[in-house]
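Notes for the one structure printed next.
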Amino acid sequence: MTLKKMLAVVALGCAIGAQANEVGYTQQAPTIDGVALESAWKTAPWYDMTSVMIGETPSSNDFSGRYKLLWNKNALYLLAEIQDDHLSDTYADPLERYWDDDCLEIFIDADRSGGDHLNTYNAFAYHVALDNQVVDIGPAKGEESKPRLFNDHVESVWKRSTEKPHSIIWETAIRVFGDDFQYGDANTPVALKAGMKMGFMLAYCDADGGDREHFVGSHEITPVNGDKNLGYKDASVFGELTLVSK
């Protein structure tokens, strides 16, 4: 099957909604391969990414995005379909200016408690790079907060279609950790279950070969002193996501 046909299969999902409030259960975990042929993806609804946090509203050719979600006890599964006319991975060091490379940013707050997570692990803002490295800011024992790798938290694979409009199918499996997470220790992910409510938001950093030009997300953020780029430090701006059994 060509990637064009794969995209057609993915497109069979329900109509696009403004933002995700509920996520459906899947007994069988999807294969994280950037293909997304599983039947569970077909029936999951699409949600759009149109809330601009940095820059002007991009043209649809420059960037557009939508996403789907599933869950089981082991992980939250995210499928994003991204249209980006220029993929950019300028900085070889994954911890250097990672926000100025194209990346998905996945925001997770396991207990929907909100608040600061720049200096704690109350929540996470995973920057998933084109090389599938995963970066967030956080402390370690005896160290202050700084960018660190969390590659074991998010499994990520993406593929770009060879046919117009050359969309990207990006799949991730996100292991959810609570606020008792300790960097460098042996941590156990949260076992997800129906009825759980968590904080969630998704965004895309669009950088066409230089600094980030656009930062577009799934949830509208009320600016503080004109600034909407708050998710990386304040989980209170995340949306609420309920895990349901249907």
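For the stretch 76-85, the count of residues that are part of a helix (DSSP H, G or I), open to solvent by 20 Å² or more (accessible area, probe 1.4 Å) and more than 17 Å from Asp185 (Cα to Cα) is zero.
Per this entry, Val176 is counted among residues that are among the aliphatic types (A, V, I, L, M), assigned to a loop (DSSP other than H, G, I, E, B), under 30 Å from Ala40 (Cβ atoms) and open to solvent by less than 10 Å² (accessible area, probe 1.4 Å).
Checking each residue in the stretch 208-246 for being over 18 Å from His127 (Cα atoms), in a loop (DSSP other than H, G, I, E, B) and of a type outside the set (S, T, N, Q) picks out Glu220, Ile221, Pro223, Gly226, Val244, Lys246. Please work out if Thr242 is under 21 Å from Met49 (Cβ atoms) and either without any contact (Cβ under 8 Å) to a residue 40 or more places away in the chain or surrounded by fewer than 19 Cβ atoms within 10 Å (Cβ to Cβ) (or both). So Thr242 passes the test.
Considering the stretch 138-159 alone, what residues qualify as being open to solvent by less than 80 Å² (accessible area, probe 1.4 Å), in a strand (DSSP E or B) and touching an Asp or Glu at 6+ places or on another chain (Cβ under 9 Å)? Of everything in the stretch 138-159, those that are open to solvent by less than 80 Å² (accessible area, probe 1.4 Å), in a strand (DSSP E or B) and touching an Asp or Glu at 6+ places or on another chain (Cβ under 9 Å) turn out to be Pro147, Arg148, Leu149, Ser156, Val157, Trp158.
Only residues that are of a type in the set (A, V, I, L, M), modelled with pLDDT of 55 or more and crowded, with 17+ Cβ neighbours inside 10 Å were counted across the stretch 3-22, and they come to 1. Across the stretch 39-61, the number of residues qualifying as of a type in the set (Asp, Glu) and touching a strand residue (DSSP E or B) at 6+ places or on another chain (Cβ under 7 Å) comes to 1.
Could you tell me whether His117 is at pLDDT 95 or above and either open to solvent by 10 Å² or more (accessible area, probe 1.4 Å) or in contact with a strand residue (DSSP E or B) (Cβ under 6 Å, 6 or more places away or on another chain) (or both)? So His117 does not fit the description; no.
Within the stretch 59-70, none of the residues are open to solvent by 70 Å² or more (accessible area, probe 1.4 Å), without any contact (Cβ under 8 Å) to a residue 24 or more places away in the chain and not in a loop (DSSP other than H, G, I, E, B).
Being hydrophobic (A, V, I, L, M, F, W, C), open to solvent by less than 60 Å² (accessible area, probe 1.4 Å), under 17 Å from the mean Cα position of the chain (by Cα) and farther than 19 Å from Ile32 by Cα holds for only one residue in Ala129, Ala110, and it is Ala110.
Can you go through Tyr47, Tyr25 and tell me which one is open to solvent by 80 Å² or more (accessible area, probe 1.4 Å) and at pLDDT 95 or above?
One residue alone meets the criteria, Tyr25.
Note on the stretch 48-69: residues that are within 13 Å of the chain's Cα centre (by Cα) and over 16 Å from Ile168 (Cα atoms) amount to 1. Within the stretch 183-228, if we keep just the residues that are touching a Pro at 6+ places or on another chain (Cβ under 9 Å) and of a type outside the set (A, V, I, L, M), the residue that is most open to solvent (accessible area, probe 1.4 Å) turns out to be Glu213.
The values are calculated or read from the model by the stated rules, or taken from the named source; none is laboratory data. Given the structure is predicted, the values throughout are model-derived calculations rather than measurements. Glycine gets a Cβ as well: all are built from the backbone with ideal geometry, and neighbour counts include every protein chain shown. Note: areas computed on protein heavy atoms with side chains; ligands, DNA, RNA excluded. Shrake-Rupley method; radii C 1.70, N 1.55, O 1.52, S 1.80 Å.
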